[in-house]
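Notes follow the structure.
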Amino acid sequence: MPDETRLGPRRTAAVPLPLSEEPVSPVPLPLDFEAFVLSHQEFFHAYAELHCGSRGTAEAVVDEVFLEILSEWSALLQADELERRTLAVLHRHVTRRLAREGRDPAYIINGPIGQSLRALRGELELAPSPIGLYEAIAELPVRQYTVIVMRYLMGYSTKQTARYMDIDERTVTHHCRRAKERLGRKLGLPTRASVRLTEGTR
């Protein structure tokens with residue numbers, strides 16, 4: 001996508017040129033939206049690249065995400081849980097892109113990330129095949145999915161995860177514990193293993 005149409009530090013957004021008219025000035029971006037982009041673009045790009053496998057694809061997806069958020073910005077500001085709602089937009093666009101291309105997230109086959117996924121499998125005491133675990137993770141509620149991805153696959157600390165999700169660190173721990181409990185039930189883990197893996201999040 002050309003630089004002129006990318007959302008970033010500059011406070012303008014591209015607008016289509018009217019037919020048979022002089023070029024119009026770019027529409028200024030709301031200051032609070034610009035601040036949101038600046039504070040979230042690093043995480044959004046990392047999240048999208050983790051799933052899509054390339055920086056170029058990730059940037060294209062995140063551009064679409066920010067454009068959708070911009071189109072609903074006033075309504076989002078008036079609603080509760082801005083972070084949850086915008087994370088849901090990011091999650092939806094990434095999932096839709098993968099579905100359109102007919103492939104699994106890149107983190108399943110990525111070397112270092114694959115090691116992190118195997119570490120999570122170790123905590124869950126699962127057999128080597130990654131398919132069951134991936135399918136179970138993909139079915140988690142968005143917040144639980146995001147916590148698992150950030151903590152285990154992106155290597156973010158509880159503090160970093162809390163900052164990007166705009167929630168308390170104890171809430172991050174809570175979501176992580178609930179996600180693991182849900183994975184345990186989904187994958188039919190013995191109760192003893194489920195208790196041990198939840199203790200590891202404290």
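Coordinate-derived values only; no laboratory data. Nothing here was measured: the structure is a model prediction, and the numbers come from that model. Glycine gets a Cβ as well: all are built from the backbone with ideal geometry, and neighbour counts include every protein chain shown.
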TODO: Determine which residues of region 144-174 fall in the zone a paramagnetic label at Ala88 would reach in this model, i.e. backbone nitrogen under 13 Å from the point 7 Å along Cα→Cβ.
DONE: 144
Open item on the list: Please compute the length gained on full extension between Arg96 and Leu31, using 0.36 nm multiplied by the number of residues separating them and subtracting their Cα-Cα distance.
Closed with: 20.5 nm
Task: Computed FRET value (nearest 0.05) for Arg103 with Arg55, which takes r as the C-beta separation and R₀ as 30 Å - done: 0.95
Task: Nearest-0.05 FRET efficiency for Leu38 and Ser71, computed from C-beta distance (R0 22 Å) - done: 0.70
